[in-house]
1. Restricted to segment 136-151, and to residues that are away from the ligand (no atom under 13 Å from the Cβ) and surrounded by fewer than 23 Cβ atoms within 10 Å (Cβ to Cβ), which residue is nearest to residue 174 (Cα to Cα)?
2. Name the one entry in 37, 54, 69 that is within 16 Å of the ligand (Cβ to nearest atom) and at negative phi.
3. For segment 167-248, which fully contained strands (runs of 3 or more DSSP E) count at least 3 residues that are surrounded by fewer than 15 Cβ atoms within 10 Å (Cβ to Cβ), in contact (Cβ under 8 Å) with a residue 60 or more places away in the chain and more than 16 Å from the ligand (Cβ to nearest atom)?
4. Counting just the residues of segment 125-135 that are part of a loop (DSSP other than H, G, I, E, B) and surrounded by 15 or more Cβ atoms within 10 Å (Cβ to Cβ), which one comes out farthest from the ligand (Cβ to nearest atom)?
5. Among the listed residues 356, 320, identify the single one that is part of a helix (DSSP H, G or I), modelled with pLDDT of 95 or more and within 16 Å of the ligand (Cβ to nearest atom).
6. So in segment 342-352, with the set limited to residues that are modelled with pLDDT under 95 and either near the ligand (Cβ under 7 Å from one of its atoms) or assigned to a loop (DSSP other than H, G, I, E, B) (or both), which one is farthest from residue 190 (Cα to Cα)?
7. Among residues belonging to segment 99-124 that are farther than 24 Å from residue 357 by Cβ and part of a loop (DSSP other than H, G, I, E, B), point out the one that is nearest to the ligand (Cβ to nearest atom).
8. Checking residue 160 against (1) part of a loop (DSSP other than H, G, I, E, B); (2) away from the ligand (no atom under 16 Å from the Cβ); (3) free of Cβ contacts under 8 Å to residues at least 40 places away in the same chain, which single condition isn't satisfied?
Ligand SMILES: Cc1cc2nc3c(=O)[nH]c(=O)nc-3n(C[C@H](O)[C@H](O)[C@H](O)COP(=O)(O)OP(=O)(O)OC[C@H]3O[C@@H](n4cnc5c(N)ncnc54)[C@H](O)[C@@H]3O)c2cc1C
């Protein structure tokens, strides 16, 4: 158990992660949904943890990522709803949803991306039009994580279709499982035990209280704020995957011999292990910096994006180096190396593609003044 998890009272999460890790090889090979593990994650308080100290939340997500990445999107997708209701919901919405949502008794997925594009969220076409005191929702979303098993979906939709490119005409609506249809589950490279879906909403009548905050036009800043917490969670999970790949590689080079000595004695092998270790440690530090900044409130584009980019790169690099050190076995499914690499590639696109986040970091930094910049 790491010093960090012990110091933050996360021993139970670490024990859970160790237990899952012992069965992950079989679970991932079958690719079935982890129905037995979801209630256990609820009992560990993982579904409400983003409402507390984000540094501890990040450490918890790192542990879950270290165990099995397929579990992370289930928590992360749901946590967006917890965050937006906690920060932007009306008192009535908080009274109604926060209890079951924090406890994991009801789980939500998050529907932003549409078939025509995901990076450019200002182009959302799904629409919510006024219908008396409520709304009528129509839309088409894709790549939606956990959409089939979730009980609710948080949907970004346009409340004024005349303003088709404006970020001020978007709202977040919380809808129920019977108000959307899963039209397709997409086969994919990694995280195969949690579904990624295309969904439609056809002329769904919603009460007025399903718009988060009940004032139209505020969905874009609400979701951008929540996505920063998502980036912290995903970056932390990437550190977890990278740590798992590193330790599998270390185990392997300790026990495997070549040229009459353990691979671990070879200086080139040690250099690879050193590179992985340094990149992972740097990414982990950035995740904690981002979580600390977000704990203080407000928007933290640069910190959260830097953490996500660094951790994604560290996870992909570590998984690739670990596979290389695994030799022929690294490429097979006998050990965990191939799974780590498949799962790690998700980090390049998920929770903001790295190139998009790099654009954002660059823009913020050239606009910043040195006395205000954090770096
Ligand atoms: C497994 C998985 C799960 C997902 N889960 C969800 C979910 O639960 N909910 C949800 O709403 N979405 C989800 N997504 C969608 C994900 O958020 C999008 O794929 C992502 O936002 C990119 O959108 P896109 O695929 O439309 O890429 P596009 O917008 O077509 O962009 C393609 C690539 O172009 C580059 N690019 C685009 N614009 C810029 C720019 N301005 N600067 C620099 N580079 C740029 C990026 O590298 C990007 O990857 C998921 C995706 C995957 C793969």
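The values are calculated or read from the model by the stated rules, or taken from the named source; none is laboratory data. All of these numbers come straight from a predicted model, not from anything done at the bench. Glycine also receives a Cβ, built like all others from the backbone with ideal geometry; neighbour counts cover every protein chain displayed.
1. First, pick out the residues of segment 136-151 that are away from the ligand (no atom under 13 Å from the Cβ): 136-138, 151.
Retained after the next criterion (residues that are surrounded by fewer than 23 Cβ atoms within 10 Å (Cβ to Cβ)): 136, 138, 151.
Numbers: 136: 13, 138: 13, 151: 10 Å.
Among those residues, the one meeting the criterion is 151.
2. Details: 37 fails: within 16 Å of the ligand (Cβ to nearest atom); 54 fails: within 16 Å of the ligand (Cβ to nearest atom).
Result of the check over 37, 54, 69: 69.
3. Working: elements: 170-176, 181-185, 196-206.
Strands (runs of 3 or more DSSP E) meeting the threshold: 196-206.
4. Of segment 125-135, the ones part of a loop (DSSP other than H, G, I, E, B) are 125-126, 132-133.
Filter once more, keeping what is surrounded by 15 or more Cβ atoms within 10 Å (Cβ to Cβ): 125-126.
Values: 125: 13, 126: 11 Å.
Among those that are part of a loop (DSSP other than H, G, I, E, B) and surrounded by 15 or more Cβ atoms within 10 Å (Cβ to Cβ), it is 125.
5. On the way: 320 fails: within 16 Å of the ligand (Cβ to nearest atom).
Step by step, each of 356, 320 is checked, and only 356 is part of a helix (DSSP H, G or I), modelled with pLDDT of 95 or more and within 16 Å of the ligand (Cβ to nearest atom).
6. Ranking the candidates gives 352 first.
7. For segment 99-124, the residue satisfying everything is 107.
8. (3)
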